[in-house]
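The values are calculated or read from the model by the stated rules, or taken from the named source; none is laboratory data. Owing to the predicted nature of the structure, the values given are computational and were not obtained by experimental measurement. Reconstructed Cβ throughout: ideal geometry from the backbone, glycine too, with neighbour counts over all protein chains shown. Areas reflect the complete protein model, heavy atoms only, side chains present, ligands, DNA and RNA absent. Shrake-Rupley method; radii C 1.70, N 1.55, O 1.52, S 1.80 Å.
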Amino acid sequence: MTVGTESPGTEESVWGRDDVTSAKGAGDENFPVGSLLISRRKRPAVRIYYNFARVVDDMVDTTRLTPAQKIARLRAMAEVVRGEREAPVRADAQTAVAVRRMLLETGVPLETATDLVEAFCRDAVKNRYDSWEELLDYCRYSANPVGHFLLKLHGEDADSLAPSDALCSALQVLNHIQDAADDLRSLDRCYLPLPWLAEEGVGIEALRLARSKPGLRRVFDRLLDHVDALNREARRLPDLVRDRRMRLESAVIVEIAHRLAARLRRADPVAERVEPGRIDGLVALGASLRHLI
């Protein structure tokens with residue numbers, strides 16, 4: 001599925017007059033972004049990639065643009081990354097310039113950035129999902145490119161990509177569960193498969209209640225069953241990563257994904273924000289030290 005393949009209009013109509021810059025930071029993620037586990041010389045590239053990802057994410061979530069304007073601006077960002085368009089001197093567009101330069105310098109494929117744009121173009125026009133397969137296809141563009149970027153930045157082999165995809169998709173679905181109520185309230189967006197809700201006799205309006213109804217809880221648990229399967233596949237990742245620091249980084253993230261899934265089994269994401277805490281991070285780090293060898 002490719003959304004909005006053209007970028008119509010003048011440069012001003014495409015880019016608009018206002019920057020879209022992100023107020024989010026590494027603390028908003030379930031995993032350590034550019035953490036100290038990654039070598040010092042790789043961290044600048046990770047920060048450039050992360051800044052680009054956050055800006056294009058915020059482009060689709062802003063309320064200041066129409067869906068068509070969002071897609072036009074996102075497509076323009078992808079064209080800058082591919083070298084097909086000049087970028088204006090403004091903060092949001094320059095993140096695309098920076099990520100293109102970094103990807104060319106490191107030899108990491110441009111698609112690790114432009115695939116993210118495809119996911120956010122979908123978000124501009126699609127706010128409901130009908131199946132697990134549809135959700136996984138979204139994760140293919142919204143989350144899996146992040147793992148590809150990190151692994152290819154470290155020169156890892158192709159056999160590490162499948163468990164990386166499983167890990168990134170698991171993290172993305174966990175985030176959808178965490179933010180299910182807020183996504184509906186603030187963005188009118190719901191990633192929970194609608195037929196699953198119908199089977200349980202609940203609608204998306206159940207996400208607006210103070211706590212999860214039993215039927216909604218069963219939908220969360222059904223999603224977590226699929227996440228558990230992805231997390232089992234992700235367990236293979238650290239043993240396939242040759243770079244020692246990246247191996248430890250991936251092992252920590254795998255452990256965090258498992259611990260967050262377990263937390264979401266016990267807690268109600270509608271009633272409270274469920275997220276990994278400092279203890280989870282420390283336990284994950286301790287459990288991952290065996291991968292240093």
Legend entry - Cα-Cα P(r), the stretch 245-293, percent of pairs per 10 Å interval: 28, 45, 21, 6, 0
Inset, instruction - Can you list which of the GluC sites (Glu not before Pro) found in the stretch 200-293 are DSSP loop residues with at most 12 other C-beta atoms within 10 Å? - result: Glu272
Inset, instruction - Report the full-extension gain for the segment Lys213 to Arg64: residue separation times 0.36 nm, less the Cα-Cα distance, to one decimal in nm. - result: 50.3 nm
Inset, instruction - Assign unit charges at the C-beta atoms only (+1 for Lys and Arg, -1 for Asp and Glu), then state the dipole size of the stretch 231-293 relative to its Cα centre in Debye, rounded to the nearest 20. - result: 220 debye
Inset, instruction - Would you mind telling me the share, in percent, of accessible area of the chain contributed by carbon and sulfur at probe 1.4 angstrom? - result: 51 percent
Inset, instruction - With a Förster radius of 22 Å, plug the Cβ-Cβ distance of Glu105 and Glu84 into 1/(1 + (r/R0)^6) and report the FRET value to the nearest 0.05. - result: 0.70
Legend entry - Kirkwood Rh, Cα atoms: Rg over Rh of the stretch 222-265: 1.04
Legend entry - Theoretical gain in end-to-end length, Ala91 to Glu233 [0.36 nm per residue, Cα-Cα removed]: 47.3 nm
Inset, instruction - Give the distance, in whole Å, between the Cα centre of the stretch 254-293 and the Cα centre of the stretch 115-176. - result: 20 Å
Inset, instruction - Treat each spin label as a single point 7 Å out from the Cα along the C-beta direction, and report the Ala198 to Asp268 distance in nm. - result: 2.7 nm
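Contact order normalised by length for the stretch 127-218, with contacts defined as Cα pairs under 8 Å and 6 or more residues apart; what percent is it?
That works out to 34 percent.
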Legend entry - Karplus (6.51, -1.76, 1.60) ³J(HN,Hα), θ = phi - 60°, over the stretch 233-241, in Hz, Gly and Pro reported as x: 5, 5, 4, 6, 4, x, 6, 9, 8
Inset, instruction - Using the Karplus curve 6.51 cos²θ - 1.76 cosθ + 1.60 with θ = phi - 60°, work out ³J(HN,Hα) for each residue of the stretch 193-203 in order, rounded to whole Hz, and write x for Gly and Pro. - result: x, 4, x, 5, 4, 4, 4, 8, x, 10, x
Inset, instruction - Could you calculate, for the stretch 190-293, the ratio of the Cα radius of gyration to the Kirkwood radius, expressed as Rg to Rh? - result: 1.09
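Treating only the Cβ of Lys, Arg, Asp and Glu as charged (+1, +1, -1, -1), what charge dipole size does the chain show about its Cα centre? Round to the nearest 20 debye.
It works out to roughly 1000 debye.
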Inset, instruction - Send over the Kirkwood Rh of the chain, from the inverse of the averaged 1/r over different Cα pairs, rounded to one decimal Å. - result: 19.7 Å
Inset, instruction - Skip the ligands, DNA and RNA, and give the accessible area per residue of the chain with a 1.4 Å probe, whole Å². - result: 46 Å²
Inset, instruction - Report the one residue of Pro195, Gly281, Thr63 whose Cα lies farthest in the direction of the positive end of the charge dipole of the chain (charges on C-beta: Lys and Arg +1, Asp and Glu -1; origin at the Cα centre). - result: Gly281
